[in-house]
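Notes to accompany the following structure.
The values are calculated or read from the model by the stated rules, or taken from the named source; none is laboratory data. Quick caveat, the model's predicted, so the values are computed rather than measured. Methodologically, a virtual Cβ is constructed for each residue, glycine included, from the backbone with ideal geometry; neighbour enumeration extends over all protein chains shown. These accessible areas exclude ligands, DNA and RNA; they are computed on the full protein's heavy atoms, side chains included. Shrake-Rupley method; radii C 1.70, N 1.55, O 1.52, S 1.80 Å.
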Amino acid sequence: MDDEGPELELVHLLRRVTVEFGLRQAEFASLHGMHSTDVRALICLLDAERAGTAATAGWLGSQLGLNSAGTTSLIGRLERLGHVGRVRDDRDRRRVLLSVTPRARELGRAFFGPLVEDTTSVLRDLDGDGTAAVRRFLEAAHRAVATPPPPSGPTA
């Protein structure tokens, strides 16, 4: 791996981290009778809450790439499991918002808490420049992964 350079080595390390994190998510899903998409939905809803984004069924479906029927099924499953609740929007009573229940938060904290604590403890040891460098790298990596690749195949 030395001939690949330190930059590519870090990209491979990031890939290893994402693969392992995906495996932990799959374990969590299996342990709690969920699909992997259910866990992704909970993550989306928690991220929306942190960002102050109103999470509707349509919004969640678009985040997950699901059609209306798939989104309805997913939300129903999460409601039956006690992980998601629906509430009327105070500003627009016609709109229904989704929220993660305290029970789901506690299950997530119990399972992912040690992983989060180990990771944040390393970040606490960095100075402002180190934290900024990590943030720049992760934001750039996210942009790269979130950008769809160009279509492949024969060209005209």
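State whether one or more residues within the range 79-88 are surrounded by fewer than 17 Cβ atoms within 10 Å (Cβ to Cβ), among the basic types (Lys, Arg) and in contact (Cβ under 8 Å) with a residue 12 or more places away in the chain. Yes, the range 79-88 contains at least one residue that is surrounded by fewer than 17 Cβ atoms within 10 Å (Cβ to Cβ), among the basic types (Lys, Arg) and in contact (Cβ under 8 Å) with a residue 12 or more places away in the chain.
Each residue in the range 47-69 was checked for being of a type in the set (Gly, Ala, Ser) and touching a helix residue (DSSP H, G or I) at 6+ places or on another chain (Cβ under 7 Å), and 4 pass. Pairing residues of the range 1-30 that are without any contact (Cβ under 8 Å) to a residue 60 or more places away in the chain with residues that are surrounded by 10 or more Cβ atoms within 10 Å (Cβ to Cβ) and outside any helix (DSSP H, G or I), at Cβ distances under 8 Å and at least 6 apart in sequence or on separate chains, gives 29/35. Could you tell me whether any residue of the range 50-67 is in contact (Cβ under 8 Å) with a residue 40 or more places away in the chain and closer than 26 Å to residue 138 by Cα? Yes, that holds for at least one residue.
Taking into account only those residues within the range 92-150 that are under 15 Å from residue 42 (Cβ atoms) and either part of a loop (DSSP other than H, G, I, E, B) or among the β-branched types (Val, Ile, Thr) (or both), which is most open to solvent (accessible area, probe 1.4 Å)? By that ranking, first place goes to 116. Just one of (1) within 18 Å of the chain's Cα centre (by Cα); (2) surrounded by 15 or more Cβ atoms within 10 Å (Cβ to Cβ) fails for residue 65. It is (2).
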